[in-house]
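The values are calculated or read from the model by the stated rules, or taken from the named source; none is laboratory data. All figures in this text were calculated on a predicted structure; none of them were measured in a lab. Cβ: placed from backbone, ideal geometry, glycine included. Neighbour counts: every protein chain shown. With ligands, DNA and RNA removed, areas are computed over all heavy atoms of the protein, side chains included. Shrake-Rupley method; radii C 1.70, N 1.55, O 1.52, S 1.80 Å.
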Amino acid sequence: VVVAIDAPLIVQPERRAESQLGSAYGKYHACAYSANLPFLTYMNGLAGPHLAKLLKAAEFELNPGKLTTYAAGRFALEVFPHPAHVALFGLQKALKYKKGHVACRRKALGHYQDHLRTLLAKEVPLVLAAPLVREVLHPDATLAKGKALKNLEDRLDAVTCAYIAYHCWKHGATGFQVFGCNDHGCIVVPHLVA
């Protein structure tokens, strides 16, 4: 089992994941907010570190360096979809589907769907038959309003995270880069493998 989680899992004072990620992906506008305990406490965002404790108790390995090609076992990876989009879709700039005018968000979500559909068709075509995937990749899904549009964003990110987990398991360390360190917290970003 490999799960990819879009939330900070390990947050220690010396965490450098976001600053390292920003150095590599800042020019693509794919940076992450700094994950530190005061910020997460203020934002009611301690669910990730709590989840990490539960995963450890369930014998999940949180060190991405231990994930090898087709590894047996249980692994949990902290990921961030925006740099993954840049890396996997070959983008020059991160997709801006989270904020802004609704029309611009819908357009970006349409691009997101197109890129994700193309990637999945190439890498794991059977996934496209799954009802959830078909639903979130359907062009009309971007016509959603309000909470339903936010739900579409979250579901597309969930499909992306599931793909990242598969990609990292399939390719092992040659298929991803780690920003930060396991002791203080790290973010895994997949990259295309030739």
Looking only at region 65-86, decide whether some residue is over 28 Å from residue 142 (Cβ atoms) and part of a helix (DSSP H, G or I). yes
Need pairs with beta-carbon distance below 7 Å; first residue farther than 12 Å from residue 76 by Cβ and within region 4-21, second open to solvent by 30 Å² or more (accessible area, probe 1.4 Å) and in a helix (DSSP H, G or I); sequence gap 6+ or separate chains. 11/37
Subset of region 25-34 [under 17 Å from residue 191 (Cα atoms) and open to solvent by less than 40 Å² (accessible area, probe 1.4 Å)]: 25, 26, 30
Of the conditions (1) open to solvent by less than 30 Å² (accessible area, probe 1.4 Å); (2) part of a loop (DSSP other than H, G, I, E, B); (3) under 20 Å from residue 160 (Cβ atoms); (4) among the small types (Gly, Ala, Ser), residue 108 fails just one. Which one is it? (2)
Just give me the residues in region 144-194 being touching a residue at least 24 places away in the same chain (Cβ under 8 Å), surrounded by fewer than 18 Cβ atoms within 10 Å (Cβ to Cβ) and acidic (Asp, Glu), in sequence order. 183
Residue 50 vs (1) exposed (fewer than 14 other Cβ atoms within 10 Å of the Cβ); (2) outside any loop (DSSP other than H, G, I, E, B); (3) touching a strand residue (DSSP E or B) at 6+ places or on another chain (Cβ under 8 Å): all pass except (3)
Applying the selection to region 60-81, what residues are of a type outside the set (Lys, Arg) and open to solvent by 30 Å² or more (accessible area, probe 1.4 Å)? 60, 61, 63, 65, 68, 69, 70, 72, 73, 80
Looking only at region 135-181, which residues are more than 17 Å from the chain's Cα centre (by Cα), over 22 Å from residue 122 (Cα atoms) and not hydrophobic (A, V, I, L, M, F, W, C)? 140, 142, 145, 146, 147
Looking at region 122-130, is at least one residue touching a residue at least 40 places away in the same chain (Cβ under 8 Å) and surrounded by 15 or more Cβ atoms within 10 Å (Cβ to Cβ)? yes
